[in-house]
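Here is the structure we will look at.
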Amino acid sequence: MTNWDVIVVGAGQAGCAAAWDLAAAGWRVLVLSREAGAGKPCAGGLTEKTLRRLRFSITPVVRETIDTLYVSRYPAADKPLQAPGRFCVMTERAELDRYCLDQAKGQGANFIETRGLASIRQDHDGLTVSTREGDCYQARWLVAADGANSTVRRLLGERHFLGAMAIEGHVRRDDLDEYPGMTLDFDAIRGGYGWLFPKGDHVNVGLYVWQHGIAAPDRAALDNYCLQRLGTAPYKVSGYPLGTWLPRVRLMQGRVLFAGDAAGCTEPLMGEGIYGAVFSGQMAAEALLSEQPGRYPQLMEDWRDELKKVESLSRLFYRLSPVSIPLLQHWIGETLVEGFSKGLTLGQCKRRWRGADL
């Protein structure tokens with residue numbers, strides 16, 4: 001049985017970020033996941049701050065470069081918010097994950113496909129992971145980056161939380177009379193928004209609700225929104241939870257470090273999850289490489305504090321949408337896209353609104 005320095009469970013953005021850093025430092029890294037790039041549901045937008053955190057360029061998988069955001073209080077007309085430069089790029093999530101896993105493998109990480117985990121046993125010296133195929137793998141540490149419905153959390157008896165919810169589908173560009181820009185239609189669903197993300201040969205269309213249970217982002221709601229907005233029904237539809245519970249969970253259990261949606265690192269106002277995934281994966285790697293894994297919660301403290309504040313902001317924003325959305329369409333939104341183009345987080349943009357130091 002091969003012994004590894006670390007097993008990374010999940011080959012999404014958090015897992016690939018951790019695997020890249022650990023393998024680049026010479027650690028023996030095993031990534032366990034379902035089929036690489038199996039098409040995890042995700043709108044696939046990466047903000048400038050995320051691009052700056054990555055260790056490598058993702059230019060080969062970028063489908064659109066965005067410098068203008070269209071915002072509406074649906075069904076009223078949208079308003080364009082022009083940034084001074086690029087603030088976001090569009091990718092297809094399956095392509096992005098495969099590409100990032102290839103970069104981690106290029107640093108020396110190993111990948112084994114599995115249908116899932118069956119058990120995790122840990123002691124003072126390390127841990128043993130058993131898969132549903134009956135295989136066993138041993139390591140000193142484990143990074144759990146296996147999504148909002150984390151099997152690792154369940155196997156370890158960690159509490160499950162309810163976060164945000166989303167549903168998405170695709171519409172072929174050839175089926176459209178007009179190809180949209182990046183659009184957020186607030187109040188297209190209660191407590192959330194509808195989105196249109198251009199991807200070259202198709203448009204990714206979806207509905208987001210910032211808190212589970214406020215409204216039902218289901219197939220009927222998505223079909224209705226898509227028909228009204230684009231004149232056709234979507235295909236390749238999937239719904240999914242987003243982990244927005246970082247302020248309420250512990251990030252470690254024994255030799256296991258939680259990252260990405262498994263740790264609840266998604267920002268709740270807009271549902272942006274890729275930045276938190278990449279950041280947490282890198283911080284988990286940094287803590288392990290320092291041989292002080294207990295530093296991981298400390299390294300995540302600023303992001304945890306930001307998401308706690310953004311959660312309060314989200315509650316206020318969606319409750320007062322008749323007032324907050326018009327503000328977003330004007331000076332607040334202009335400040336936001338300008339800040340995003342400079343690589344700022346939402347919390348840093350908010351501090352700019354208030355005239356505070358970053």
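The values are calculated or read from the model by the stated rules, or taken from the named source; none is laboratory data. These numbers come from a predicted model, not from an experiment. Reconstructed Cβ throughout: ideal geometry from the backbone, glycine too, with neighbour counts over all protein chains shown. SASA here: full protein model, heavy atoms, side chains in, ligands and nucleic acids out. Shrake-Rupley method; radii C 1.70, N 1.55, O 1.52, S 1.80 Å.
Quick check on the range 233-251: of everything there that is in a strand (DSSP E or B) and touching a helix residue (DSSP H, G or I) at 6+ places or on another chain (Cβ under 7 Å), which residue is least open to solvent (accessible area, probe 1.4 Å)? Working first, answer last.
Of the range 233-251, the ones in a strand (DSSP E or B) are 235-242.
Restricting the remaining residues to those that are touching a helix residue (DSSP H, G or I) at 6+ places or on another chain (Cβ under 7 Å) gives 237, 242.
On the way: VAL237: 45, LEU242: 16 Å².
Once the filter is applied, the top-ranked residue is LEU242.
Could you list, in sequence order, the residues of the range 306-320 that are in contact with a Pro (Cβ under 8 Å, 6 or more places away or on another chain) and of a type outside the set (Val, Ile, Thr)? Before you say what the answer is, go through the steps one by one.
Looking only at the range 306-320, we keep the residues that are in contact with a Pro (Cβ under 8 Å, 6 or more places away or on another chain), and these are 307-308, 310-311, 314.
Those that are in contact with a Pro (Cβ under 8 Å, 6 or more places away or on another chain) and of a type outside the set (Val, Ile, Thr): LEU307, LYS308, GLU311, SER314.
Suppose we filter GLY254, GLY264, GLY260 for residues that are at positive phi, open to solvent by 20 Å² or more (accessible area, probe 1.4 Å) and either modelled with pLDDT of 95 or more or among the charged types (D, E, K, R) (or both); which single one remains?
Working: GLY264 fails: open to solvent by 20 Å² or more (accessible area, probe 1.4 Å); GLY260 fails: open to solvent by 20 Å² or more (accessible area, probe 1.4 Å).
Within the list GLY254, GLY264, GLY260, the selection yields GLY254.
In the range 22-37, which residue that is in contact with a helix residue (DSSP H, G or I) (Cβ under 6 Å, 6 or more places away or on another chain) and open to solvent by 20 Å² or more (accessible area, probe 1.4 Å) is modelled with the lowest pLDDT?
Checked the range 22-37; the qualifying residue modelled with the lowest pLDDT is ALA36.
For the range 84-103, give me each residue that is of a type outside the set (Phe, Trp, Tyr) and out of contact with any strand residue (DSSP E or B) (no Cβ under 7 Å at 6 or more places or on another chain).
Taking the range 84-103 and keeping what is of a type outside the set (Phe, Trp, Tyr), we get 84-86, 88-98, 100-103.
Within the range 84-103, PRO84, GLY85, ARG93, ALA94, GLU95, LEU96, ASP97, ARG98, CYS100, ASP102, GLN103 qualify.
Every residue, every condition in (1) in contact with a Ser or Thr (Cβ under 6 Å, 6 or more places away or on another chain); (2) surrounded by 15 or more Cβ atoms within 10 Å (Cβ to Cβ), yes or no:
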{"residue": "ARG121", "(1), (2)": "yes, no"}
{"residue": "ASP125", "(1), (2)": "no, no"}
{"residue": "ALA139", "(1), (2)": "no, yes"}
{"residue": "GLY147", "(1), (2)": "no, yes"}
{"residue": "ARG159", "(1), (2)": "no, no"}
{"residue": "GLY163", "(1), (2)": "yes, yes"}
{"residue": "GLU178", "(1), (2)": "no, no"}
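Collect the residues in the range 239-286 that are of a type in the set (Gly, Ala, Ser) and over 18 Å from GLY15 (Cβ atoms), keeping them in residue-number order. Reasoning before the result, please.
Going through the range 239-286, the residues of a type in the set (Gly, Ala, Ser) turn out to be 239, 243, 254, 259-260, 262-264, 271, 273, 276-277, 280-281, 284-285.
Correct list: GLY239, GLY254, GLY271.
Go over the candidates ALA104, ALA11 one by one and state the one that is within 24 Å of PHE258 (Cβ to Cβ), more than 16 Å from the chain's Cα centre (by Cα), in contact (Cβ under 8 Å) with a residue 40 or more places away in the chain and buried (at least 23 other Cβ atoms within 10 Å of the Cβ). Break it down stepwise before answering.
Numbers: ALA11 fails: more than 16 Å from the chain's Cα centre (by Cα).
The conditions single out ALA104.
For GLY294, state whether it is touching an Asp or Glu at 6+ places or on another chain (Cβ under 7 Å) and in contact (Cβ under 8 Å) with a residue 24 or more places away in the chain. Talk me through it step by step, then tell me what you get.
Details: touching an Asp or Glu at 6+ places or on another chain (Cβ under 7 Å): no; in contact (Cβ under 8 Å) with a residue 24 or more places away in the chain: yes.
Criteria not met by GLY294.
Looking at (1) at pLDDT below 95; (2) part of a helix (DSSP H, G or I); (3) touching an Asp or Glu at 6+ places or on another chain (Cβ under 6 Å), can you tell me which one ALA285 breaks?
For ALA285, the exception is condition (1).
When you scan the range 331-341, how many residues do you find that are touching a residue at least 60 places away in the same chain (Cβ under 8 Å) and surrounded by fewer than 17 Cβ atoms within 10 Å (Cβ to Cβ)? Full working, then the answer.
Residues of the range 331-341 that are touching a residue at least 60 places away in the same chain (Cβ under 8 Å), as a first pass: 333-334, 336-338, 340-341.
With surrounded by fewer than 17 Cβ atoms within 10 Å (Cβ to Cβ) added as a condition, the list becomes 334.
Matching residues across the range 331-341 total 1.
Does the range 211-232 contain any residue that is farther than 29 Å from ILE120 by Cα and part of a strand (DSSP E or B)?
no
Can you go through ALA220, ALA215 and tell me which one is over 19 Å from the mean Cα position of the chain (by Cα) and at pLDDT 95 or above? It would help to see each step written out before you state the result.
Details: ALA215 fails: at pLDDT 95 or above.
Sole residue among the options that is over 19 Å from the mean Cα position of the chain (by Cα) and at pLDDT 95 or above: ALA220.
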